[in-house]
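These notes are about the structure you will find just below.
Read-outs throughout are calculated quantities, based only on the coordinates presented, and are distinct from any laboratory measurement. Computed from a predicted structure; not experimentally measured. Cβ coordinates were reconstructed from backbone atoms using ideal geometry, including for glycine residues, and neighbour counts include every protein chain displayed.
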Amino acid sequence: SYAVGNISEGKKLLMKATEEALMAGISKMRAGNVLDDISGAVEDVANSYKMGIVRQYGGHGVGHVMHEDPFLFNYRVGDQTLIKSGMVIAIEPMLNLGCDEVVVLDDKWSVVTKDGKPSAHFEHTVLATDGDPILMTTNLFFLFSFYIKTKDSSIITNYCCNSCRSITTYTFYTILTY
């Protein structure tokens, strides 16, 4: 989420809380933890700011297709799936200034909060290791610059592991077309 122009203090707080929730979730993306550790960290931050938590959407595994298992809730559900070194997961907290509920509009694409209040979404694709988690998406800006200079996506593939190739391609698509 990005602020455009001057925004209210409430919206600033919403963005701060959502980004903080993301970072709390990332801190739990370590081999030996379970998915509910990530979910709980996100939920704890949301609750500390009294924010609604979008329940219909969440994070997901990243591999050869865009949205793979496991699904990652942004609140505790008791998921004891073990995080292993080498797992790649998109952590995506979505918090609301009001209620938890969202609705899909008639265009079948747009999603809004049921009470019409603002929502924020922050995301990183994260690699679990035996040590600190690695943010895969922060390195994409370097790769994106390299791609623009070479115009050769096959070179990017050589610099990127199989598990993040699809997210890299997707990210290039969104950066180039929006």
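Could you pull out the pairs from LYS16/LYS117; LYS28/LYS108; LYS16/LYS108; LYS12/LYS108; LYS28/LYS114; LYS16/LYS50 whose alpha carbons sit more than 22 Å apart here?
Going by Cα-Cα distance, LYS28/LYS108; LYS16/LYS108; LYS12/LYS108; LYS28/LYS114 fall outside the 22 Å limit.
Mind giving me the nanometre distance, one decimal, between the label points for ASP106 and ASN6, set 7 Å out from Cα along Cα→Cβ?
Between ASP106 and ASN6, the label points sit 3.6 nm apart.
Can you pull the three principal axis extents for the Cα set of the stretch 3-109, in Å, largest first?
Projected onto its principal axes, the Cα set of the stretch 3-109 covers 42, 34, 25 Å.
Under a Cβ-Cβ cut-off of 12 Å, what is the net charge of the residues other than ALA3 that fall near it, where Lys and Arg count +1 and Asp and Glu count -1?
Charge balance near ALA3 sits at +1.
Could you state the orientation-averaged shadow area of the convex hull built on the Cα atoms of the stretch 29-86, in nm² to one decimal?
Result: a mean projected hull area of 4.2 nm².
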